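Have a look at the structure below before the remarks.
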Amino acid sequence: MSKLKLTLGIIAIILILTAIAVSNYFMNLVPENPSGTLGNTSGNLQNNGLFCEQDGVVYFANAYDDYTLYRMDPDESNMKKLNSMSVKWLNAAGKYLYFYQNDSNEGSGLGYVIKTTGIYRLDKKGRRSTLLRRDAVSDVTLIDNYLYFKNMSESPMNLKRIGIDKENESVILDHRFQPGSVANGIIYYANTNDSFYLYAYDTVTGTNQLLWDHQVWNPVYHSDGYIYYMDLETDYQLHRYHPSSGSFEVLTTDRVDLFNISGDMIYYQRSNPNDAALMRMYTNGSNQELVSSGNYQNINITSNYVYFNLFDEPTPVFKQSVAGPINVSVFQPITEK
């Protein structure tokens, strides 16, 4: 072989390898999300984030299939399994899904893949999974181009964040806190180091301030300008607080275990040893209705339905039209092995 042919062959190989490297770089490049991006509703994320809706598609953790990842239309048509990973705290933005993979399975054999606990990014077709952060975390929330999460393996269990491109991990709050909600780049949360008072952390400026010296739990900022919360000073009654006016209102005198909001409707679990029930009412506290008797959890809401299950009983999953008449039925998704 002549030196010229050898040289041309080496150049061709270099060009091919360079083209592959460049192609892989752009394939792995994660476009930035526009300002104001939120991966899921705060109410869903406070209920383990098992359902997430974006651009007319519902992504969900299928309780009938070990909480693996599925997708469907809001009316529950066109259902499809996307991935075999068991997920929670689902977030969606742009071309990707972000979530916590919550188990680590052992096994062997052809095709076996170790499932590592941690935060993942996955394209919406269920391919090209990327482990962003290996560890036990909770309350994963996508805000713009960062994933915020509660670190469970360090003391104190502080608030941290990591970029959607796996870069720039940092501690945001170095004290214990109770997860809250996000609106307009502000995280509203209960500071457990400061009597569970309501605080507001600005994710853009990095400033943190006391918003209200009142004991709250599970604060959720709603589009009506109110912050809804379980009031620790009145045994977990559901109240709402208006930051601009400084006023608050009692919505129900029931003790509440958990709640979620959609539009002008609140669904909440009434805590009563003799009369526990899933209830609903308007956001002003009017028209309280019994949805279903029993102890329920994981109240997740899409544009069409409210999904929930009995406490410590993953299946069956029940559903109720968000704003329609009370008519609880069983959610029956497909399962694909």
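The values are calculated or read from the model by the stated rules, or taken from the named source; none is laboratory data. It should be emphasised that the depicted structure is a prediction, and the values quoted were computed from it without experimental measurement. With ideal geometry, Cβ positions are generated from the backbone for all residues, glycine too; neighbour counts draw on all protein chains shown.
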*Could you list all residues from region 126-158 that are more than 20 Å from Ala183 (Cβ to Cβ) and either among the β-branched types (Val, Ile, Thr) or not in a loop (DSSP other than H, G, I, E, B) (or both)?*
Thr130, Leu131, Leu132, Arg133, Arg134, Val137, Ser138, Asn151
*Give Tyr221, Tyr228 a once-over and let me know the one that is within 24 Å of Ala190 (Cα to Cα), in contact (Cβ under 8 Å) with a residue 60 or more places away in the chain and in contact with a strand residue (DSSP E or B) (Cβ under 8 Å, 6 or more places away or on another chain).*
Tyr221
*Selection status of Trp217, modelled with pLDDT of 95 or more, surrounded by fewer than 22 Cβ atoms within 10 Å (Cβ to Cβ), among the hydrophobic types (A, V, I, L, M, F, W, C) and under 20 Å from Pro156 (Cα atoms)*: yes
*From Gln269, Gln237, which residue is under 19 Å from Val322 (Cα atoms) and polar (S, T, N, Q)?*
Gln269
*Any chance region 40-54 includes a residue that's over 23 Å from Leu310 (Cα atoms) and of a type in the set (A, V, I, L, M)?*
no
*Filtering region 126-142 down to residues that are of a type in the set (S, T, N, Q) and modelled with pLDDT under 95, which residue is farthest from Gln54 (Cα to Cα)?*
Ser138
*Would you check which residues across region 59-84 are surrounded by 23 or more Cβ atoms within 10 Å (Cβ to Cβ) and in contact with a Lys or Arg (Cβ under 7 Å, 6 or more places away or on another chain) and list them?*
Tyr59, Ala61, Tyr70
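This table checks each residue for (1) crowded, with 22+ Cβ neighbours inside 10 Å; (2) β-branched (Val, Ile, Thr); (3) touching a strand residue (DSSP E or B) at 6+ places or on another chain (Cβ under 9 Å).
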position: Val250; (1), (2), (3): no, yes, yes
position: Asn260; (1), (2), (3): yes, no, yes
position: Asp264; (1), (2), (3): no, no, yes
position: Asp275; (1), (2), (3): no, no, yes
position: Asn284; (1), (2), (3): no, no, yes
position: Gln297; (1), (2), (3): no, no, yes
position: Ile301; (1), (2), (3): yes, yes, yes
_Complete set of residues in region 113-125 that are part of a strand (DSSP E or B), under 14 Å from Gln101 (Cβ atoms) and either touching a residue at least 24 places away in the same chain (Cβ under 8 Å) or basic (Lys, Arg) (or both)_ = Ile119, Tyr120, Arg121, Leu122
*asked:* Looking for something at pLDDT 95 or above, under 25 Å from Ser181 (Cα atoms) and touching a Cys at 6+ places or on another chain (Cβ under 6 Å) - is there at least one such residue anywhere in region 115-125?
replied: no
*Within region 174-209, which residues are more than 23 Å from Asp231 (Cα to Cα) and either surrounded by 20 or more Cβ atoms within 10 Å (Cβ to Cβ) or not acidic (Asp, Glu) (or both)?*
Asn184, Gly185, Thr203, Val204, Thr205, Gly206, Thr207
*Would it be correct to say that Tyr267 is in a strand (DSSP E or B) and over 24 Å from Phe308 (Cα atoms)?*
no
_Selected residue (only one of Gly285, Gly225 is part of a loop (DSSP other than H, G, I, E, B) and touching a His at 6+ places or on another chain (Cβ under 7 Å))_ = Gly225
*asked:* With of a type in the set (D, E, K, R), under 17 Å from the mean Cα position of the chain (by Cα) and in a strand (DSSP E or B) as the only criterion, which of Arg161, Arg240 stands out?
replied: Arg161
*Can Ile227 be described as within 22 Å of Asn260 (Cβ to Cβ) and surrounded by 21 or more Cβ atoms within 10 Å (Cβ to Cβ)?*
yes
